[in-house]
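Please read the structure below before turning to the comments.
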Amino acid sequence: MIAALVDELRAAITPERVRIGSTELGLYGRDASNIGGSAGAVCFPTSTAEVQACVAAAHRHGVPFVARGSGTGLAGGATPLDHALVIVLTKMNRVLSVDPINRLAWVEPGVLNLDLTRHVAHLGLHFAPDPSSQQSCSIGGNVANNSGGPHCLSDGVTAAHILGLEVVLSDGSLVQLGATEAEPVGLDLRGAFVGSEGMFGVATKVCVRLTQNAPSVRTMLMDFNSVEDGAQTVSAIIAAGMVPAALEMMDQLCVQAVEAYIHAGLPVDAAAVLLVEVAGLAHGVEADVARIIEIAQAHGAGGVRIAQDEAERALLWKGRKSAFGAIARIKPNYYLHDTVVPRRMLPQVLRQVYEITARYQLQVLNVFHAGDGNLHPLLVFDKREPGVMERVLAAGEEIVRASVAAGGVLSGEHGIGLEKRDFMPLMFGPADLAAQAAMRRAFDPAGLANPFKVLPSPAACGDVQHVPEGAWV
Amino acid sequence: MGVIELAAFAEAVGSAGPVTIAGLRTRGGSVADVRCVSAPVGIDWVQPDEMTACCGAGTPVAELNAALAEHGQRVALPSSGTVGGALAVGHSGVRRLGDGPVRDVLLQARYVSAAGEVVKAGGPTVKNVSGFDLCRLLVGSCGTLGFVGDVIVRTRPIAAHSQWFSAEATDPHECFARLYRPVSVLWDGSTVWALLEGHAADVSEQATNAGLRACDGPPSLPTGSRRVVPPADVASLTGTFVAEVGVGIVHHADTWTPPIGDPRAMELESALKREFDPTGRLNPGVPFG
Ligand SMILES: Cc1cc2nc3c(=O)[nH]c(=O)nc-3n(C[C@H](O)[C@H](O)[C@H](O)COP(=O)(O)OP(=O)(O)OC[C@H]3O[C@@H](n4cnc5c(N)ncnc54)[C@H](O)[C@@H]3O)c2cc1C
């Protein structure tokens, strides 16, 4: 079946851009998660028409297909199962048009997040969602995962910045979901598509909102003797009616690892560090900075370091963004989790995270979006240690369960993919899951767009539908 | 913190026969001659430090806002009618430029499906990507996919200072370009109005910089039609209108027929309706959106 499909694809989009070599199949057989799958073929379309041709061919052959951006997803969303066709969108990477007056742009899905921001920087604009992976992740992937980032606290995650989409549906037909219009007639199909993890179709054009750069920005670092004090400061800032541009927390192990790596003068003795950024117009920013410092000091903040210039601001952010590089000095492998809890539950759930990881004899670093309660426990390990992967997975599951039990949710930005598919019943009952499955069926009645992700297979159809597990690697 | 009981509401909606739902009827209300239900009323909780609130869908927006105001917060919904009605219709008010669309307000909804079951969409936290975004689909669906019983909504701080300004303007974008994240910019072809919020000193500096003078409030909006056009088309509008600059929503004196949507998108809408309400019993005859 795959051979016939490959012939057809080669005729449709030129042979060089359809690959079945073992190198390509290996490379595109997984994303940045710890879950491996198996690709049947990999194709690299360069236009909407070519995507349509690829999808239509897959549909004719009944072969599942997986849209892939940069493959930085952490939940196995872009991991192909069952020898699916991988449709790589990185060659569709043009910014098609920019409207600087109304602050929007049409882009192809393979445009990298940071490239878009650079492209419009001279207009005093940027694309607000800023995942830590922004140098390498694609706008298409951001849309599919409804990605977030530190600055999504005040500006909202990707969903708040998408106006319109052009989508190739699983039968190869093309549909326009929204456009530059604020409130198109009918159901909010573009809103439904955002966060659909490649299971509703392939986005081939995206209309994004661009955001004005703030005239004034203040970045500060505050240290605390306990994680509780830091977390309570976060809640108190929000309750006082301020929504900073970013509100990030690092715990001691993380600060120490980062400091050893970048030498930014971070307070390595503190139990927790808050990185707070306030952005906007000058008077409001200065007033907020003063109030935030007052609140932090009332909650026992030790030192408060305010970046004096752009270089120091960049250094403080480098500390936040270097966690991944820094951990390589501790252990060769990491598993990054992503759950959300109500802000007021942060101290309790963090305590549980420490307790769980200690019980499984694992090291954990916490570096996370405290402002919206989005935890990112980073488990570090050496996978050559026998039995360690089982402990990592078991600890991860307990962390997810503790977060949901605290009134939280399974994922704040990485999505469900394969990683958390089987945890969905922790949050949703059978009727809730059936409604989500109904959404998928309406968009993809053939069930060929990235199947077996997000939704656990209902027990009732276990006999007709096998669910590939994806191998944890 | 209690949990709103939806069993009675689900029973009222039932699982067979046409049924319609009414809030305060400020947005057209229910379908005539069809059995009518109403959603639970009342605020379950307000969490200022989470910036979330939970209430029955039948709760008036004004009541929710009054409760939130005690904590210096508000919900970014147009102020008339019920919370459920505002969400079901999904039309934003003139603060949309700053507040964002109505759909961004809804974090979690529990609705009664056409089969009479209580279904949960979304989740209680301000950030959540667990599963498909059914909440987005419910907002603006005019009660054609399910009847919302209770919701958890995102709240926002009330700004320290808020003031409307105006100036003569033949090109609305000149003023628009000079303002930093205004909450609203309106234009009727000759006058531009702007709502600025934040620190009082910032607000007055911004206004001076853009050549604006303080005024009592926004103009009254023509009610012939509420048109949705590409924001780039605003500068070339004609007739009697007030346009939301940077958004493209136009309050016009004349009536208007919206353009026909993409036929493939309409097929998707029909497919969704068939999935969610196969017999067409919920708000029969109501077009979505
Ligand atoms: C070091 C590191 C840090 C990260 N930090 C963050 C962070 O701060 N915040 C955050 O939210 N995420 C973060 N991520 C996760 C990841 O970068 C994001 O999910 C990102 O949006 C994925 O983009 P991508 O182009 O790599 O998508 P891929 O991994 O290629 O795909 C992700 C999903 O999108 C689908 N998809 C891709 N393109 C399309 C398309 N055109 N149409 C339809 N579906 C499509 C795929 O099928 C898949 O389900 C991080 C990852 C890494 C490795």
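The values are calculated or read from the model by the stated rules, or taken from the named source; none is laboratory data. Given the structure is predicted, the values throughout are model-derived calculations rather than measurements. Virtual Cβ from ideal backbone geometry, glycine too; neighbours counted across all protein chains shown. Keep in mind that these areas ignore ligands, DNA and RNA; they rest on the heavy atoms of the full protein, side chains included. Shrake-Rupley method; radii C 1.70, N 1.55, O 1.52, S 1.80 Å.
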Sole exception among (1) surrounded by fewer than 18 Cβ atoms within 10 Å (Cβ to Cβ); (2) hydrophobic (A, V, I, L, M, F, W, C); (3) free of Cβ contacts under 8 Å to residues at least 40 places away in the same chain for residue A:375, by number: (1)
The range A:1-49, subset within 13 Å of the ligand (Cβ to nearest atom) and of a type in the set (D, E, K, R), residue nearest to the other protein chains (Cβ to nearest Cβ): A:31
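Residue A:157: open to solvent by less than 30 Å² (accessible area, probe 1.4 Å) and either within 9 Å of chain B (Cβ to nearest Cβ) or modelled with pLDDT of 95 or more (or both), yes or no? Show your work before the answer.
Details: open to solvent by less than 30 Å² (accessible area, probe 1.4 Å): no; either within 9 Å of chain B (Cβ to nearest Cβ) or modelled with pLDDT of 95 or more (or both): yes.
Judged against the criteria, residue A:157 is not a match.
Assess whether residue A:103 counts as being away from the ligand (no atom under 14 Å from the Cβ), within 30 Å of residue B:174 (Cα to Cα) and either surrounded by fewer than 22 Cβ atoms within 10 Å (Cβ to Cβ) or modelled with pLDDT under 95 (or both). Working first, answer last.
Numbers: away from the ligand (no atom under 14 Å from the Cβ): yes; within 30 Å of residue B:174 (Cα to Cα): yes; either surrounded by fewer than 22 Cβ atoms within 10 Å (Cβ to Cβ) or modelled with pLDDT under 95 (or both): yes.
Yes; evaluated as a whole, the condition is true for this residue.
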Selection from the range B:75-104 of residues that are within 11 Å of another protein chain (Cβ to nearest Cβ), within 23 Å of residue B:219 (Cα to Cα) and open to solvent by 30 Å² or more (accessible area, probe 1.4 Å): B:91, B:97
Residue in the range A:339-355 that is within 15 Å of residue A:395 (Cα to Cα), open to solvent by 10 Å² or more (accessible area, probe 1.4 Å) and in a loop (DSSP other than H, G, I, E, B) present: no
Residues of the range B:1-31 satisfying the condition of being open to solvent by 80 Å² or more (accessible area, probe 1.4 Å) and modelled with pLDDT under 75: B:1, B:3, B:24, B:25
Only listed residue being within 13 Å of the ligand (Cβ to nearest atom) and either assigned by TED's automatic domain parsing to the domain that holds residue A:46 or modelled with pLDDT of 95 or more (or both), chosen from A:220, A:199: A:199
Qualifying residue in the range A:108-124 (condition: over 20 Å from the mean Cα position of the chain (by Cα) and of a type in the set (S, T, N, Q)): no
Criterion: of a type in the set (Gly, Ala, Ser), within 13 Å of chain B (Cβ to nearest Cβ) and over 27 Å from residue B:126 (Cβ atoms) - qualifying residue of A:172, A:265, A:178: A:172
Residues that are more than 8 Å from the ligand (Cβ to nearest atom), closer than 26 Å to residue A:47 by Cβ and not aliphatic (A, V, I, L, M), drawn from the range A:106-124: A:106, A:108, A:115, A:117, A:118, A:119
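Condition test on residue A:235, is it among the hydroxyl-bearing types (Ser, Thr, Tyr) and away from the ligand (no atom under 13 Å from the Cβ)?
Values: among the hydroxyl-bearing types (Ser, Thr, Tyr): yes; away from the ligand (no atom under 13 Å from the Cβ): yes.
Taking the combined requirement at face value, the residue satisfies it.
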Whichever residue in the range A:125-149 is over 20 Å from residue A:193 (Cα atoms) and in contact (Cβ under 8 Å) with a residue 40 or more places away in the chain and, among such residues, is farthest from the ligand (Cβ to nearest atom): A:125
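Please enumerate the residues belonging to the range A:204-241 that are part of a loop (DSSP other than H, G, I, E, B) and more than 25 Å from the chain's Cα centre (by Cα).
The first filter runs over the range A:204-241 and keeps only residues part of a loop (DSSP other than H, G, I, E, B), leaving A:210, A:213-215, A:225-226, A:240-241.
Hits for the range A:204-241 are A:215, A:225, A:226, A:240, A:241.
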Given (1) more than 10 Å from chain A (Cβ to nearest Cβ); (2) at pLDDT below 95, number of the condition residue B:45 does not satisfy: (2)
The range A:403-415 residues that are open to solvent by less than 10 Å² (accessible area, probe 1.4 Å), paired with ones that are among the acidic types (Asp, Glu) (beta carbon under 9 Å, 6 or more apart): A:410/A:338; A:411/A:338; A:411/A:419; A:412/A:338; A:412/A:372; A:415/A:197; A:415/A:338
Members of the range A:64-73 that are more than 8 Å from the ligand (Cβ to nearest atom) and open to solvent by 20 Å² or more (accessible area, probe 1.4 Å): A:64
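Among A:242, A:220, which is the only one that is more than 12 Å from chain B (Cβ to nearest Cβ), within 22 Å of residue B:51 (Cβ to Cβ) and either surrounded by fewer than 24 Cβ atoms within 10 Å (Cβ to Cβ) or in contact with a His (Cβ under 8 Å, 6 or more places away or on another chain) (or both)? Steps first, answer last, please.
On the way: A:242 fails: more than 12 Å from chain B (Cβ to nearest Cβ).
Residue meeting the stated conditions: A:220.
Test residue B:251 against the criterion of being assigned to a helix (DSSP H, G or I), farther than 30 Å from residue A:238 by Cα and open to solvent by less than 60 Å² (accessible area, probe 1.4 Å), and give yes or no.
Values: assigned to a helix (DSSP H, G or I): no; farther than 30 Å from residue A:238 by Cα: yes; open to solvent by less than 60 Å² (accessible area, probe 1.4 Å): yes.
No: the conditions fail for residue B:251.
Of all the residues that make up the range B:190-225, how many are assigned to a loop (DSSP other than H, G, I, E, B) and out of contact with any helix residue (DSSP H, G or I) (no Cβ under 9 Å at 6 or more places or on another chain)? Step through it out loud before you land on a result.
Within the range B:190-225, the first condition is being assigned to a loop (DSSP other than H, G, I, E, B), and the residues that meet it are B:190, B:199, B:210-212, B:215-224.
Okay, now just the ones that are also out of contact with any helix residue (DSSP H, G or I) (no Cβ under 9 Å at 6 or more places or on another chain), so B:190, B:215-224.
Final tally of qualifying residues: 11.
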Lone unmet requirement of (1) open to solvent by 10 Å² or more (accessible area, probe 1.4 Å); (2) over 27 Å from residue B:141 (Cβ atoms); (3) within 13 Å of chain A (Cβ to nearest Cβ) for residue B:207: (1)
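Can you tell me how many residues within the range A:426-455 are over 21 Å from residue A:38 (Cα atoms) and away from the ligand (no atom under 12 Å from the Cβ)? Full working, then the answer.
Start the filter on the range A:426-455 by keeping residues that are over 21 Å from residue A:38 (Cα atoms), which leaves A:426-445.
Pick out the ones that are also away from the ligand (no atom under 12 Å from the Cβ) and you get A:426-442, A:445.
Residues in the range A:426-455 being over 21 Å from residue A:38 (Cα atoms) and away from the ligand (no atom under 12 Å from the Cβ): 18 in total.
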Residue list for the range B:127-141, filter: free of Cβ contacts under 8 Å to residues at least 40 places away in the same chain and more than 7 Å from every other protein chain (Cβ to nearest Cβ): B:135
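Restricting the search to the range A:74-93, which residues are open to solvent by less than 30 Å² (accessible area, probe 1.4 Å) and under 22 Å from residue A:152 (Cβ atoms)? Quick ask: steps written out before the conclusion?
Let us first name the residues in the range A:74-93 that are open to solvent by less than 30 Å² (accessible area, probe 1.4 Å), namely A:75-81, A:84-89, A:92.
Across the range A:74-93, the qualifying residues are A:75, A:77, A:78.
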From the options A:258, A:289, residue that is part of a helix (DSSP H, G or I), within 14 Å of chain B (Cβ to nearest Cβ), surrounded by 17 or more Cβ atoms within 10 Å (Cβ to Cβ) and of a type in the set (A, V, I, L, M, F, W, C): A:289
Criterion violated by residue A:400 - all others in (1) within 16 Å of the ligand (Cβ to nearest atom); (2) in contact with a His (Cβ under 8 Å, 6 or more places away or on another chain); (3) modelled with pLDDT of 95 or more satisfied: (1)
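Within the range A:173-180, can one find any residue that is away from the ligand (no atom under 16 Å from the Cβ), in contact with a Ser or Thr (Cβ under 9 Å, 6 or more places away or on another chain) and either open to solvent by less than 10 Å² (accessible area, probe 1.4 Å) or not assigned by TED's automatic domain parsing to the domain that holds residue A:57 (or both)? Before you say what the answer is, go through the steps one by one.
Let us first name the residues in the range A:173-180 that are away from the ligand (no atom under 16 Å from the Cβ), namely A:179-180.
Then keep just the ones that are in contact with a Ser or Thr (Cβ under 9 Å, 6 or more places away or on another chain); that gives none.
No, the range A:173-180 contains no residue that is away from the ligand (no atom under 16 Å from the Cβ), in contact with a Ser or Thr (Cβ under 9 Å, 6 or more places away or on another chain) and either open to solvent by less than 10 Å² (accessible area, probe 1.4 Å) or not assigned by TED's automatic domain parsing to the domain that holds residue A:57 (or both).
Consider residue A:96 carefully, then state whether it is open to solvent by 30 Å² or more (accessible area, probe 1.4 Å), more than 10 Å from the ligand (Cβ to nearest atom) and not in a helix (DSSP H, G or I).
Values: open to solvent by 30 Å² or more (accessible area, probe 1.4 Å): yes; more than 10 Å from the ligand (Cβ to nearest atom): yes; not in a helix (DSSP H, G or I): yes.
When the stated conditions are applied, residue A:96 passes them.
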